[in-house]
Ligand code: ATR
């Protein structure tokens, strides 16, 4: 029987997850597919209940990562700790929530900023939605000494900061102060997605050694990464993270690791009209 999985979101048209999973499915010769499903903003639970009858599981993207935890019958520790899930598995005995975003983020850092050491300096996390939640839990688990969460809506950042005594909430207007000591800046807001204005941040305040990462991968060269590169800062792109979170998702859906010989990054870069391999 065909193993079916997919990604749910709103919007969902921009996602490259189907391209990644399709390449792996084909190379592995699996009887499987991976679709994309636009769920109504007010109909996440009903949509998931419907899909649970047909699929093995789904990845969850903007803006449903927090709601995803709410529809699950149980959650693995990282999803529970972060209060968000990007992976739902429709098991025979109920819905299981996992969070592979944090792992994807750490993989991306290892690949594109291999000398970066998380324990040395504070991290500035931009955003306080579902993507930021997964990132925060993983950063804390990986040993970040302090994480400053900056968000347009301060209350949301404060709720996240309550997760751990090493996490602090600040308004976006405090970016310059937060940047002064930062070793890593991560954009976990949806700003930068095609058609949305880029964040206008005071990158000049960052130390020369700071690494700048954007979770947005479409466009790959977001305004934030372009500005960081212009300052000579090392950049980590959202595509590395997308592929990093897709690996454990594939394994959970299809019961085997993705075939290593497939260069999914090149496939995605081609689709994005990019030729170079790093931002
Ligand atoms: P996701 O699941 O991808 O995290 P989300 O939960 O909708 O999606 O979160 C989106 C994040 O992007 C939030 O931090 C949001 O800020 P608010 O909490 O203030 O809404 C942030 N965001 C979206 N559009 C923004 C904008 N134009 N300027 C600043 N932040 C923005």
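The values are calculated or read from the model by the stated rules, or taken from the named source; none is laboratory data. Model, not experiment: these values are computed from the prediction. Cβ coordinates were reconstructed from backbone atoms using ideal geometry, including for glycine residues, and neighbour counts include every protein chain displayed.
Structure notes:
- One residue from 31, 73 being within 12 Å of residue 97 (Cβ to Cβ) and surrounded by fewer than 17 Cβ atoms within 10 Å (Cβ to Cβ): 73
- Look at (1) modelled with pLDDT under 95; (2) over 24 Å from residue 212 (Cα atoms) and you find that residue 252 fails only one, number (1).
- For the stretch 47-61, the set of residues classified as surrounded by 16 or more Cβ atoms within 10 Å (Cβ to Cβ) and away from the ligand (no atom under 16 Å from the Cβ) consists of 51, 52, 55, 56, 57, listed by residue number.
- Taken over the stretch 225-254, the residue count meeting the criterion of being surrounded by fewer than 21 Cβ atoms within 10 Å (Cβ to Cβ) and assigned to a helix (DSSP H, G or I) is 8.
- Test: residue 257 is assigned to a loop (DSSP other than H, G, I, E, B), without any contact (Cβ under 8 Å) to a residue 60 or more places away in the chain and assigned by TED's automatic domain parsing to the domain that holds residue 22: yes
- Meets criteria (at negative phi and within 13 Å of the ligand (Cβ to nearest atom)) for residue 183: no
- For the stretch 204-224, filtering for residues that are part of a helix (DSSP H, G or I) and within 23 Å of residue 17 (Cα to Cα) leaves 2.
- Checklist (1) within 16 Å of the ligand (Cβ to nearest atom); (2) assigned to a helix (DSSP H, G or I); (3) in contact with a helix residue (DSSP H, G or I) (Cβ under 9 Å, 6 or more places away or on another chain) applied to residue 199, failing item: (2)
- Filter result (within 20 Å of residue 202 (Cβ to Cβ), touching a helix residue (DSSP H, G or I) at 6+ places or on another chain (Cβ under 9 Å) and away from the ligand (no atom under 13 Å from the Cβ)) within the stretch 125-169: 147, 148, 168
- Of all the listed residues (38, 69), the sole one being more than 25 Å from residue 159 (Cβ to Cβ) and within 20 Å of the chain's Cα centre (by Cα) is 38.
- A count restricted to the stretch 10-44 and to residues that are assigned to a strand (DSSP E or B) and closer than 23 Å to residue 258 by Cα stands at 6.
- Residue within the stretch 107-123 that is closer than 18 Å to residue 78 by Cβ, within 13 Å of the ligand (Cβ to nearest atom) and buried (at least 18 other Cβ atoms within 10 Å of the Cβ) present: no
- Residue match in the stretch 244-254 (condition: assigned by TED's automatic domain parsing to the domain that holds residue 24 and over 19 Å from the mean Cα position of the chain (by Cα)): yes
- Scan of the stretch 255-279 for residues that are farther than 24 Å from residue 186 by Cα and surrounded by 20 or more Cβ atoms within 10 Å (Cβ to Cβ), ordered by number: 258
- If you check 64, 44 for being closer than 29 Å to residue 235 by Cβ and either within 15 Å of the ligand (Cβ to nearest atom) or in contact (Cβ under 8 Å) with a residue 60 or more places away in the chain (or both), only one passes: 64.
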